[in-house]
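The values are calculated or read from the model by the stated rules, or taken from the named source; none is laboratory data. Remember, predicted model here, so these are calculated numbers, not experimental data. With ideal geometry, Cβ positions are generated from the backbone for all residues, glycine too; neighbour counts draw on all protein chains shown. Ligands, DNA and RNA are excluded from the accessible area calculation, which covers all protein heavy atoms including side chains. Shrake-Rupley method; radii C 1.70, N 1.55, O 1.52, S 1.80 Å.
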Amino acid sequence: MAYLSPSQLQKFQEDGFLVLEGFWSADECVAMQRRIGEIVAEMDVPFHCRTEFSTQEEEQLRAQGSTDYFLSSGDKIRFFFEKGVFDEKGNFLVPPEKSINKIGHALHAHDPVFRCVTHSPKVQALARSLGLQMPVVVQSMYIFKQPHLGGEVSPHQDASFLYTEPLGRVLGVWIALEDATLENGCLWFIPGSHTGGVSRRMVRAPAGSAPGTSFLGTEPARDNSLFVPTPVRRGALVLIHGEVVHKSEQNFSDCSRQAYTFHLMEAAGTVWSPDNWLQPTAELPFPPLYT
């Protein structure tokens, strides 16, 4: 079983992230890639829903925060695309399967392959070794990081978008389905940056307001020398504390950097902010991790 050793647990607590190489087999990675290929082959995105993904604040608010397609995606499987892949009429300028940035945000709930991965005995054992008593799954995404098109993800904290009271209750689980290298956009972290609180928050506006979200606070300028690159091999699992600062660079290589990621929240004694863009619904409450 995938229990953490005392030294691994200490490293995660000190750094705010932890790499577990070889957590998933090559066959398990292939199964996820094969299933996502089937989902992409069947995708049908209406013209008015062709939303580009960005983490730059102004672009993010314009492209996602003001669109119902994004704001209502928490309990659905929806498609988000790289910048510059549509013409002015919404037609694809590159093949659709090469233009997609990510699929989210409820693969864990609606697809049997990703449900089994998310709730696997290995993941449950890992959560127990972290001391999680009542973890629930709040969202999931498949990230493509396309060759030459995969854009940078600017420095951020996951808790900016998935805010809880008290803080420290959100955990990211990031699964490398291909090698993540310096050339194709591996993750970078600032070790220990999970102890300083949250710099900014994306909050959802009242129903009927425009834009649909806004930011409270600002992302501070960060010294690039503080970031540590974290290349990993296919099959690695990376644990990401909700407040640790991390980023990834643009993919300039010929190789994609596919990953499946999901977020857990410790539900015991935790309040999920009613201002978060993502909210549980009657149709899809946050499902318990332990089955």
Identify which of L18, L93, L132 has the largest mean-square fluctuation in a Gaussian network model of the chain, with springs joining Cα atoms closer than 10 Å. L93
Of the peptides 196-206, 210-220, 175-185, 113-123, how do they stack up when ordered by the mean number of other Cβ atoms within 10 Å, highest first? 175-185, 113-123, 196-206, 210-220
Taking a virtual spin label 7 Å from the Cα of C116 along the C-beta vector, which residues in the range 249-291 bring their backbone nitrogen under 11 Å of it? none
Given a 1.4 Å probe, how much area per residue of the chain is accessible, in Å²? 44 Å²
The distance between the Cα centres of the range 162-234 and the range 23-46, in whole Å, is 25 Å
For V228 and Y290, FRET efficiency with R0 = 30 Å and r from the beta-carbon atoms, rounded to 0.05? 0.40
Just list whichever of K11/K122; K89/K247; K83/K122; K102/K122 have alpha carbons separated by over 27 Å in the model shown. K89/K247; K83/K122
Dipole magnitude of the range 158-291 about its Cα centre (Cβ charges: Lys, Arg +1; Asp, Glu -1), debye to nearest 20: 120 debye
Could you tell me the relative contact order of the chain? Use alpha-carbon pairs under 8 Å, at least six residues apart, and round to a whole percent. 29 percent
Using a Förster distance of 45 Å, how high is the FRET efficiency between A26 and E283, based on the Cβ-Cβ distance and rounded to 0.05? 0.80
Run the helix sum for the chain: -39,500 (n - 2.57) per DSSP H stretch of 4+ residues, divided by residue count, reported at 222 nm to the nearest 500 deg cm²/dmol. -5000 deg cm²/dmol
When the accessible area of the range 174-236 is computed with all protein chains present and a 1.4 Å probe, what percentage of it is carbon and sulfur? 55 percent
